[in-house]
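The values are calculated or read from the model by the stated rules, or taken from the named source; none is laboratory data. Computed from a prediction, not measured in an experiment: that's the story for all the values here. Cβ placement follows ideal geometry from the backbone for every residue including glycine, while neighbour counts extend to all protein chains displayed. Only protein heavy atoms, including side chains, enter the accessible area calculation; ligands, DNA and RNA are left aside. Shrake-Rupley method; radii C 1.70, N 1.55, O 1.52, S 1.80 Å.
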Amino acid sequence: MSGIKPARRWQPAFYPFKREKFGRRVLAKTELCIKGPLFGCRMCGNCLLQETAFICPMECPKGMRNGPCGGVTPEKNCYVDETRKCVWYSIYKRALKTGREEILLEVLPPLDWDKVGTETWGDVVRQIRKTGTGKFIGGIFSKDKIKKTEIWNSVFKTIRQPNWWQGDADYHPAANSEPVSDLERRLRKGEFIIATEVTPPLGIQTGKLIRDIDLVKPYVTAINFTDNSSARSRMSSIACCNVALSAKAQPVFQIAARDTTRSGLQSTVIGLNSMGIYNVLCVSGDSPKVGPAPAGNMNFIDLDSVQMLWILRRMRDEGIYLDGRKMKENPKLFLGAATSPFASDPVLQAIKDHKKVNAGAQFFQTNLIFEPERLDLWLEQLYKRNLLNKVFIIIGLAPLKSYKIAQYLHSKIPGVSLPESILKRMEKAGESAPEEGVQIALELIDSIKGKQGVNGIHIMTLGWESIVPRIVTEAGLV
Ligand code: SF4
């Protein structure tokens, strides 16, 4: 348990991947002895504590360095280990309390693993010397807020934003003036779009996949293919997207940070572009905790979804790889992100969503929504942040086929909750549960489609693809 921070440390501290000099080893040990109990430091060697309200984000089991995932429980605990607070929720709360929430908008880099396990105090001292020790001390005690921030940033921003990253807290509109996909074109034109998803097959046969694509294609603008949702292996999203292209449907490629490395992300996207796939939805991915046994690595991931957006946006707009190499041609990308409007307090959720828009998200697909009235609170927060004209919002809905599915979604899926009234309706419906599920979906669409800032509906079929034509038709959205 740490001293002044509110959550306990998740994993042990890192060791360096190389033999360090004796002096640096002593400094690293001293740093861990002090920063560990105080801030929950894991010695990542890429310190961000000044920007994360002095709580180490490396305690997050998903390695999220840019804000919470969508899995915070209603008690604000971490869904991977419900016995402790979500570390990002604690960071947000403290930042709000101290008036430092806007600092949380700066897009923070992934780890430089060469530094992992090593001390950072040496970097700070070197940077202070560069700035001038007297100037630094004078600056941090200055009453002039601007001067103070400048001096602070001259040391700490240089450390946390290396040249290969250059993250900031600004909005970067896409450089391309023409849409790169039909989905983007329709959204830009102001059409209310319908998207859906077709479940990737469990085996190598694509017959059912093609039939499902053909079935839903006339009713929707785009079809998503999930990337091992619930941490369960299926056919890859890239293979399904390719099948969809052959079937003349427009795919949305989903990529989960859980299974993605920085080199894998960049090469995959180049490959996608060569096939003609331009819509990319970046998600964190469910923890292996919710997947089947034996559980995969719950300790750490190389990238988070915000970092994926930032890397892809820079590839598209600046034509550079993460390591700074110039690309021969910039990829064409319409970038999306997932969001979970009810995962935490709407004010806090909007901070994370703001950061995703800054990083490069052009459209949002929300988690499943069963309480349209709660949606207003979240939309209002996005409006206050002037985001509704910067990002297209597509609301996730699911037709419930049975009471069992309703219960499963409510109790097992992070960030999803069903109101008592819907659960009761599904229970009471008995054998007519599928019909009741359709009626609930139609009512939800009816109350959502007119909301300001909503640009479309995403029907998550949960394997019930055959219901899509009926829902779209009866909702009057054909
Ligand atoms: S709920 Fe998500 S963001 Fe929060 S600590 Fe757990 S994995 Fe990390």
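Kindly provide the pair-distance distribution of the range 299-370 built from C-alpha pairs, with 10 Å bins from 0 and whole-percent values in order of increasing distance.
Result, from short to long distances: 19, 42, 28, 10, 1 percent.
Once you list every other residue whose beta carbon is under 14 Å from the beta carbon of Arg325, what net charge do they have if Lys and Arg are +1 and Asp and Glu are -1?
+1
The range 386-478: percent of C-alpha pairs farther apart than 17 Å?
The calculated P(r) of the range 386-478 puts 52 percent of pairs beyond 17 Å.
Pull out a ≥ b ≥ c, the square roots of the eigenvalues of the alpha-carbon gyration tensor of the range 121-259, then state rounded if a/c is under 1.5, prolate if not and a/b is larger than b/c, and oblate in the remaining case.
prolate
Would you tally the net charge around Tyr89, using a Cβ to Cβ cut-off of less than 9 Å, leaving Tyr89 out, and scoring K and R as +1, D and E as -1?
+2
Can you divide the C-alpha Rg of the range 185-278 by 2.2 N^0.38 Å and report the result to two decimal places?
1.09
How would you classify the range 263-327 from its alpha-carbon gyration tensor, with a ≥ b ≥ c the square roots of the eigenvalues: rounded for a/c under 1.5, else prolate if a/b is greater than b/c, otherwise oblate?
It is prolate, given that a/c is not under 1.5 and a/b is the larger ratio.
Run the quick spin-label model on Glu420 and Asn389: label points 7 Å from Cα toward the beta carbon, then report their separation in nm to one decimal.
4.3 nm
Determine one quarter of the surface area of the Cα convex hull of the range 146-210, which equals its mean projected area, and express it in nm² to one decimal.
Averaged projected hull area, Cα only: 9.9 nm².
When averaged across all projection directions, what area in nm² does the alpha-carbon convex hull of the range 64-201 cover?
14.9 nm²
I'd like the carbon and sulfur percentage of the solvent accessible area for the range 260-327, probe radius 1.4 Å, heavy atoms only, ligands and nucleic acids excluded.
56 percent
For the range 1-107, treating each Cα as an identical point scatterer without solvent, what Debye log10 I(q)/I(0) comes out at q = 0.12, 0.13, 0.16, 0.17 1/Å?
-0.41, -0.48, -0.71, -0.79
Determine how many Å³ per residue the convex hull of the Cα atoms of the range 46-98 encloses.
74 Å³
Length gain on complete extension for the stretch Ala295 to Leu202, per 0.36 nm per residue less the alpha carbon to alpha carbon distance?
That works out to 31.6 nm of additional length.
At a 1.4 Å probe radius, carbon and sulfur cover how many percent of the accessible area of the range 83-210?
56 percent
Please report the base-10 log of the normalised intensity I(q)/I(0) for the range 348-407, using a Debye sum with one equal scatterer per alpha carbon and no solvent, at each q in 0.16, 0.22 (1/Å).
Debye curve over Cα of the range 348-407, log10 I(q)/I(0) at q = 0.16, 0.22 Å⁻¹: -0.56, -0.88.
Over the alpha carbons of the chain, what is the largest minus smallest coordinate on each principal axis, giving the biggest first in Å?
72, 51, 46
Viscosity 1.306 mPa s, temperature 10 °C: give me the Stokes-Einstein translational D for the range 326-471 in µm²/s, with Rh taken as the Kirkwood radius over C-alpha pairs.
Roughly 98 µm²/s, to the nearest whole number.
Just grab the label-to-label distance for Arg126 and Gln11, each label 7 Å out from Cα along the Cβ direction, in nm (one decimal).
In this crude label model, Arg126 to Gln11 measures out at 2.6 nm.
How large is the accessible surface per residue of the chain, computed with a 1.4 Å probe and reported in Å² as a whole number?
44 Å²
Less than 11 Å from a label point 7 Å out along the Cα-to-Cβ axis of Asp81: which backbone N atoms in the range 43-74 qualify, by residue?
Residues 59-62 fall inside that zone.
Quick check: pseudo-label points 7 Å beyond the Cα along Cα→Cβ at Asn153 and Lys449, how many nm apart are they?
Going from the Asn153 label point to the Lys449 one covers 4.6 nm.
At 222 nm, what value in deg cm²/dmol follows for the chain if DSSP H runs of at least 4 each add -39500 (n - 2.57) and the sum is divided by all its residues, to the nearest 500?
Helices in the chain give a 222 nm mean residue ellipticity of -12500 deg cm²/dmol.
Whenever you get a sec, compute what percent of the accessible area on the range 338-459 sits on carbon and sulfur atoms (1.4 Å probe).
Result for the range 338-459: 50 percent of the exposed heavy-atom area is carbon or sulfur.
Say R0 is 30 Å: what FRET efficiency, to the nearest 0.05, do Thr133 and Asp168 get from their beta-carbon distance?
Working from the Cβ atoms, E equals 0.65.
I need the P(r) histogram for the range 396-438: all alpha carbon pairs, bin width 10 Å from 0 out to the longest distance, whole percents.
Bins of 10 Å from zero give 32, 59, 9 percent of pairs.
At a Förster distance of 30 Å, what's the computed FRET efficiency of Ile103 paired with Thr30, Cβ-Cβ distance as r, to 0.05?
Step by step, r from the Cβ atoms, then E = 0.65.
Counting pairs of Cα atoms in the range 166-325, how many percent are more than 18 Å apart?
Counting pairs separated by more than 18 Å, the tail of P(r) holds 63 percent.
Subtracting the Cα-Cα distance from 0.36 nm times the residue separation, let me have the gained length for Glu191 to Leu245 in nm, one decimal.
My answer for the length gained is 17.2 nm.
If you bin the C-alpha pair distances of the range 236-348 every 5 Å from 0, what whole percents do you get?
2, 11, 20, 21, 18, 14, 10, 4, 1
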